[in-house]
1. Tell me, what HN-Hα J-couplings in whole Hz come from the Karplus equation 6.51 cos²θ - 1.76 cosθ + 1.60 at θ = phi - 60° for each residue of the range 59-74, using x for Gly and Pro?
2. What does the charge add up to near residue 124, with Lys and Arg as +1, Asp and Glu as -1, over the other residues with Cβ less than 15 Å from its Cβ?
3. Sorted by average packing, counted as other Cβ atoms within 10 angstrom per residue and highest first, what order do 82-89, 93-100 take?
4. Could you order the peptides 129-140, 19-30 from most to least packed, using the average number of other C-beta atoms within 10 Å per residue?
5. Tell me which residues come under 5 Å, amide H to amide H, from residue 101 once H is placed; ignore anything under 5 positions away on its chain.
6. Which Cα, out of 10, 128, 105, lies furthest along the positive dipole direction of the chain (beta carbon charges, K/R +1, D/E -1)?
7. If you average 1/r over every pair of different alpha-carbon atoms in the chain and take one over that average, what Kirkwood value in Å do you get?
8. With a sphere of radius 13 Å drawn around the Cβ of residue 92, what net charge do the other residues whose Cβ falls strictly inside it have (Lys, Arg +1; Asp, Glu -1)?
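Derivation of every value follows stated rules applied to the coordinates shown; laboratory data play no part. Every value quoted in this text rests on a predicted model; they were computed, and no experiment measured them. Every residue, glycine as well, gets a Cβ built from its backbone with ideal geometry; the counts of neighbours run over all protein chains shown.
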Amino acid sequence: MSDIQYEERTIRVNRVAKVVKGGRRFGFAALVIIGDQRGRVGFGHGKAREVPEAIRKATEAAKRALIRVPLKDGRTLHHETRGHHGAGKVLVRPAPAGTGIIAGGPMRAVFESLGVGDVVAKSLGTSNPYNMVRATFDALKLQQSPRMVAQRRGRSVSEIIARREGAPKAEQAAAGS
């Protein structure tokens, strides 16, 4: 795993204070996203008394929580999905070549680290970066390639793609029997 280069992005560093007898003790919480820009991405959360240590802990957590997302043509998603976590709801859908990443804030960082070049995404609930990232990962975990669907259904990839692209009903009926 150490031979793979991951791009690291710090999304949020939050300062928290604990009031003690002598004053305040400050701590830091970091949210980090890592990805190889070829379909693997992960996020982590780390807390420590110093910012660099919190970022290091978050990066280690992200490496342990990597997921693989199937990409269509290495540039976009296969189908539209919705994800949610708490009050965070996101809608992600594939886009034609040249569209770019149309997504806001933390979602953009997730897609850039993932290696997606063309995607349209919308955050429908909270603007809290932690919940937005978790909701985005929930949507990405639901992504399936035609190969995965064909294997699960015991059919060929060409049958799945023909049905996906809206083949006429007569051809679909003939393929189903």
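1. 5, 4, 5, 5, 5, 6, 10, 5, 10, 9, 10, x, 10, 8, 6, x
2. On the way: positive: 82, 89, 93, 122, 134; negative: 80, 138.
Here the charged neighbours net out to +3.
3. On the way: 82-89: 17.1, 93-100: 13.4.
Peptide ranking by packing, descending: 82-89, 93-100.
4. On the way: 129-140: 22.1, 19-30: 11.7.
Order by mean packing, descending: 129-140, 19-30.
5. It is 119, by chain and number.
6. Selected residue: 128.
7. Working: mean 1/r = 0.0557 Å⁻¹.
It works out to 17.9 Å.
8. Working: positive: 72, 82, 89, 93, 108, 122, 141; negative: 80, 118, 138.
Residues near residue 92 contribute +4 overall.
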